[in-house]
Amino acid sequence: MINEKIRKIDIMAMYQKSENILSDIQNIIETSQRKAYHAVDTILSQRNWLIGYRIAEEEIDGSDRAEYGANIIKRLSKELTAKYGKGYDRSNLYHYLRFYKEFPQIVDTVRRQSHICLTWSHYRALLQVADSAARNWYEKEAYEQTWSVRTLQRNINTQYYYRILQSQHKELVEQEMIEKTSDFQNDKLEFIKNPVIAEFLGLSFNTDFTETELESSIISNIQKFLMELGKGYAFVARQQHIKTEKEDYFIDLVFYNYILKCFVLIDLKTDKITHQDVGQMDMYIRMYDELKKGADDNPTLGIVLCTETDEDIARYSILHGNEQLFASKYKLYLPTEEELRNEIETQKTMFYLQQRERTVRQKNSEGSK
């Protein structure tokens, strides 16, 4: 637990003038953005702790605490989700309760003072650590070393605390960690990309940060392409957010095929398909089957597309041992690999032609001035 008082850093104190006015103003804007999002996420942490605290109080009043607590969370989840939307399912409410129980002294309820020093995303990661000594150490280091959420998650996953503890050359372990997390630490958009904050503020998450122009163009036209096939496709979502304990994921396109009675997930890769891509789609399918599939629905289907034209352009993943039962049906209503390959190549060609025309128009406009 961090005992020292948290200092409020004013962005004015962080301002340093250089000889480059553009660089200075960019730094002011980016620093302000980071501090604003950090402040919002800190308030989110306070809210979640208080929710957990209130649920814990209610649990104590129940005669059979485990059953009583489960019923409370079930009822709250239903009513809060109906009123406020996402963010209040049973899983999240259990997280809030655990947050209070693992960090009971982080807020002084008598004096109404909060000593929360990290964002909710940090605390979500810390809740994965069962060892209280390790968890407190990670919390302290994350605050003092200003670790990003991804840096903290990487250090938890790689048992950084225990390696530091056991190593006779701690500086080498620390240096390796710094080198391997440098990209995480330099991600200026980390807070802006956080979908948890968007949900907290009741805003739509901006998916522009997760797509390139080419990806967006291809996905938009694949969406139209499947709808125009006339084989039972109903559009469900684009860039659908799925949240796990450790990561946030976004599925490019989600359809429901009412003939096959199954969800169809599509993920686009701008490079050649890899085993990791197939593994990720396999995970998406399992999550969808667990969270979204109804009792009467057939197993979810996943299609991984890549922009390189080769024999690996598409891969289908069918789970739960139903391959033989559903394979023939899928073949009837899915686009073939050749159809998908041709559609992607068409959209790539159109995209590059549009880019070329845009460049030519820009040059002509500049030449006429």
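For every residue, the table says whether it meets (1) of a type in the set (D, E, K, R); (2) out of contact with any His (no Cβ under 6 Å at 6 or more places or on another chain); (3) within 30 Å of Glu339 (Cα to Cα); (4) modelled with pLDDT under 80.
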| position | (1), (2), (3), (4) |
| --- | --- |
| Tyr160 | no, yes, no, no |
| Leu165 | no, yes, no, no |
| Lys170 | yes, yes, no, no |
| Val173 | no, yes, no, no |
| Asn186 | no, yes, no, yes |
| Thr212 | no, yes, yes, yes |
| Glu215 | yes, yes, yes, yes |
| Gly232 | no, yes, yes, no |
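Mind checking which helices (runs of 4 or more DSSP H) fall wholly inside segment 108-158 and carry at least 2 residues that are of a type in the set (Asp, Glu) and modelled with pLDDT of 85 or more? Show your work before the answer.
Numbers: elements: 120-126, 132-144, 149-157.
Answer list for segment 108-158: 132-144.
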Problem set entry | Residues of segment 255-298 that turn out to be in contact (Cβ under 8 Å) with a residue 24 or more places away in the chain and not in a helix (DSSP H, G or I), as a count | 23
Exercise. If you take the residues of segment 138-158 that are farther than 17 Å from Thr244 by Cα and among the hydrophobic types (A, V, I, L, M, F, W, C), which of them is surrounded by the fewest Cβ atoms within 10 Å (Cβ to Cβ)?
Worked result: Trp147
For this session: Identify the residue in segment 277-328 that is at pLDDT 80 or above and of a type in the set (S, T, N, Q) and, among all such residues, is surrounded by the most Cβ atoms within 10 Å (Cβ to Cβ).
Result: Thr300
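Can you name the residue in segment 3-25 that is of a type in the set (Val, Ile, Thr) and within 30 Å of Trp137 (Cβ to Cβ) and is also modelled with the lowest pLDDT among such residues? Spell out how you get there, then give the answer.
First, the residues of segment 3-25 that are of a type in the set (Val, Ile, Thr): 6, 9, 11, 21, 25.
So of that shortlist, the ones also within 30 Å of Trp137 (Cβ to Cβ) come out as 6, 9, 11.
Working: Ile6: 43, Ile9: 49, Ile11: 62.
In this case the residue turns out to be Ile6.
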For this session: Considering (1) at pLDDT below 80; (2) loosely packed, with under 15 Cβ neighbours inside 10 Å, say which one Val196 fails and leave the rest.
Result: (2)
For this session: Answer yes or no: is there a residue in segment 60-75 that is surrounded by fewer than 14 Cβ atoms within 10 Å (Cβ to Cβ) and at pLDDT 85 or above.
Result: yes
Exercise. Any idea how many residues of segment 255-265 are under 20 Å from His241 (Cα atoms), among the β-branched types (Val, Ile, Thr) and either at pLDDT below 85 or open to solvent by 30 Å² or more (accessible area, probe 1.4 Å) (or both)?
Worked result: 0
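So, Tyr37, is that one farther than 17 Å from Ser121 by Cβ and either under 28 Å from the mean Cα position of the chain (by Cα) or at pLDDT below 80 (or both) or not?
Taking the combined requirement at face value, the residue does not satisfy it.
The values are calculated or read from the model by the stated rules, or taken from the named source; none is laboratory data. Bear in mind the structure is a predicted one, so any value in this text is a computation, not a measurement. Virtual Cβ from ideal backbone geometry, glycine too; neighbours counted across all protein chains shown. The protein model used for the area step is the full one, side chains on, heavy atoms only, and it has no ligands, DNA or RNA in it. Shrake-Rupley method; radii C 1.70, N 1.55, O 1.52, S 1.80 Å.
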